[in-house]
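Below you'll find the structure, written out as structure tokens, and then a few comments.
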Amino acid sequence: MGSVGLTLPWEHKLSSVARDGERRVEPFEGKAEPVRIGEELPQDAAVAAACLSGNLQGYERLYQWQGTRMKNLARNLLGSQADAEDAVQETFLKIQRSISGFRGQSSFVTWTFRILVNTCHDLRRSRVRRKDQVNEDVDALPPRMELRAPGAHPSLRMALERALGRLTAHQRDVFLLFEVEGFRHAEIAGMLEISETASKNTLFQAKKNLRTMLEPPRSSATGGAQ
Amino acid sequence: MNVNCDDRDRIFLDGSPEEWAALEQHANTCAACAEELRAWKQLSAAANELRDYQESPALWALIETSLRQQQAAPPPRKSFWSSLDFWRHISPAWQSAMVGALAVALAVSSGYLYTRRPVSPGDPGNKLLKTSALAEVERTERDYMSAIDKLAADASPQLKADTPLMAGYREKLLVLDSAIADLRAQTGGNPSNAHLRYQLLAMYQEKQQTLQDVLETKR
């Protein structure tokens, strides 16, 4: 794949205000921005309360608020739109079954995405077993990405998807949650049940690996980033 | 704030906004850092290509239907292990205290039961009779049966009376004789079973008491 990825002349800009000291690149203009969970705490509590009361409108609000984001994450973790929709549906059912156990120790969205990530991993395992692709470490298998609507840089997206497939499952989870879905490390730590420092380290390793995969080997002039 | 090439990875990992600004300033005069910074930022920008927030209106309809079905279904029975879930919500200090209290309670109750255990020379806890004890039991049982037969012979004229009371006694004695016959058949196959012998003895005692009641009625 060589230089397909990082040498394209795309636009980017750095966030003018880094959140909690975290630096991230803002999305392209005109595209949907990830929901800022920290600014949505009242909504988070309201949706959680509505779901706790057993009112289906609470779940509908959760879907309207986070549904596309959930589906996007599931799509990137599972590689197929149909599997992603199955995972989101199963996640909602699991939320309904276990909502009484939600103690508010994390935000409701963090809790929801923790269930989603686990559901995606379970689904991948079951799909792999069903296809008799027996493997000792199913999580290590990359998702098989299906074609989807072309974006601004389809070749870049395909190169990135292939490279993501070569990361460890853990690195893939952290990269997608942070860089694509816009979660903070504290939130990712809650979702993946790791420390915030571990989340930062994993993201760093993931990006170093992706950079190695997406860029051709450079001369020693580039210094010690590798 | 001054940073150099050696700080770059640390800033990439967990740099503050001030450190990022300082790194960008440093990159203006360092080609290597400028290249690394560009690549690092562009990876984040490339991640946007994986963001596709298209609505799926049909999906919510599916989810809503399955949520309604699940809501209408009876809740699954709680397993024994899930009923112990409360334990996870107790702090470790309280868990230790409760385990300690439970251990003390177990030790005290075990000691109490040990000191108050029934003591008898024949060790009634031993449910299997030894050969010599078995012979003694069978001899005594024969004598006892013989004595009860004599008692039955004494009560026989009274039992023949055509009164409701005697009819009740006759019926009770029939039931007892039937039970005694069953137990004797069982002890025949397993003569060392003390439990069966105790049951048989209880039946004999009941028959004896019934016959005595019949004789008391005569007086």
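The values are calculated or read from the model by the stated rules, or taken from the named source; none is laboratory data. Values in this document were obtained by computation on a predicted structure and should not be read as measured data. Positions of Cβ are backbone-derived with ideal geometry, glycine not excepted, and every protein chain shown enters the neighbour counts.
Is it fair to say B:E49 is over 17 Å from A:E161 (Cα atoms) and either more than 7 Å from every other protein chain (Cβ to nearest Cβ) or in contact with a helix residue (DSSP H, G or I) (Cβ under 8 Å, 6 or more places away or on another chain) (or both)? No. Tell me whether the stretch A:130-140 contains one or more residues that are among the aliphatic types (A, V, I, L, M), within 26 Å of B:D52 (Cβ to Cβ) and at pLDDT below 75. Within the stretch A:130-140, one or more residues are among the aliphatic types (A, V, I, L, M), within 26 Å of B:D52 (Cβ to Cβ) and at pLDDT below 75.
So that you can scan it fast, the table gives a plain yes or no per residue for (1) farther than 15 Å from B:Q205 by Cβ; (2) small (G, A, S); (3) under 50 Å from the mean Cα position of the chain (by Cα):
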{"residue": "B:R142", "(1), (2), (3)": "yes, no, yes"}
{"residue": "B:A147", "(1), (2), (3)": "no, yes, yes"}
{"residue": "B:D154", "(1), (2), (3)": "yes, no, no"}
{"residue": "B:K160", "(1), (2), (3)": "yes, no, no"}
{"residue": "B:T163", "(1), (2), (3)": "yes, no, no"}
{"residue": "B:L173", "(1), (2), (3)": "no, no, yes"}
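The rows are residues; the columns are (1) within 12 Å of chain B (Cβ to nearest Cβ); (2) crowded, with 20+ Cβ neighbours inside 10 Å.
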{"site": "A:S155", "(1), (2)": "yes, no"}
{"site": "A:L164", "(1), (2)": "yes, yes"}
{"site": "A:E187", "(1), (2)": "no, yes"}
{"site": "A:M191", "(1), (2)": "no, yes"}
{"site": "A:K208", "(1), (2)": "yes, no"}
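Across the stretch B:56-67, which residue is surrounded by the most Cβ atoms within 10 Å (Cβ to Cβ) among those that are at pLDDT 85 or above and within 7 Å of chain A (Cβ to nearest Cβ)?
To start, the set of residues in the stretch B:56-67 that are at pLDDT 85 or above comprises B:58-67.
Within this subset, residues satisfying the condition of being within 7 Å of chain A (Cβ to nearest Cβ) are B:59-60, B:62-64, B:66-67.
Values: B:L59: 20, B:W60: 19, B:L62: 15, B:I63: 25, B:E64: 17, B:S66: 15, B:L67: 20.
Taking the candidates together, the pick is B:I63.
Can you tell me which residue among B:E64, B:E36 is touching a helix residue (DSSP H, G or I) at 6+ places or on another chain (Cβ under 8 Å), of a type in the set (D, E) and within 30 Å of B:V3 (Cβ to Cβ)?
Working: B:E64 fails: within 30 Å of B:V3 (Cβ to Cβ).
The conditions single out B:E36.
Condition first: among the hydrophobic types (A, V, I, L, M, F, W, C), buried (at least 21 other Cβ atoms within 10 Å of the Cβ) and within 7 Å of another protein chain (Cβ to nearest Cβ). Now tell me which residues in the stretch A:56-71 satisfy that. If the condition is that a residue be among the hydrophobic types (A, V, I, L, M, F, W, C), buried (at least 21 other Cβ atoms within 10 Å of the Cβ) and within 7 Å of another protein chain (Cβ to nearest Cβ), then no residue fits.
More than 11 Å from chain B (Cβ to nearest Cβ), buried (at least 16 other Cβ atoms within 10 Å of the Cβ) and at pLDDT 90 or above, is that true of A:A48? Here the answer is yes, as A:A48 does meet what is asked.
Take the residues in the stretch B:1-11 that are closer than 24 Å to A:H185 by Cβ and modelled with pLDDT of 90 or more; name whichever of them is surrounded by the most Cβ atoms within 10 Å (Cβ to Cβ).
In the first step, residues of the stretch B:1-11 are kept if they are closer than 24 Å to A:H185 by Cβ; the result is B:1, B:3, B:6-11.
Those left that are additionally modelled with pLDDT of 90 or more: B:6-11.
Numbers: B:D6: 9, B:D7: 17, B:R8: 23, B:D9: 16, B:R10: 13, B:I11: 21.
Out of the qualifying residues, it is B:R8.
Considering only residues that are surrounded by 16 or more Cβ atoms within 10 Å (Cβ to Cβ) and more than 7 Å from chain A (Cβ to nearest Cβ), which ones fall in the stretch B:12-33? B:E19, B:A21, B:A22, B:L23, B:E24, B:H26, B:A27, B:C30, listed by residue number. Is it the case that A:K94 is within 22 Å of B:R68 (Cβ to Cβ) and more than 7 Å from chain B (Cβ to nearest Cβ)? For A:K94, the condition - within 22 Å of B:R68 (Cβ to Cβ) and more than 7 Å from chain B (Cβ to nearest Cβ) - is met.
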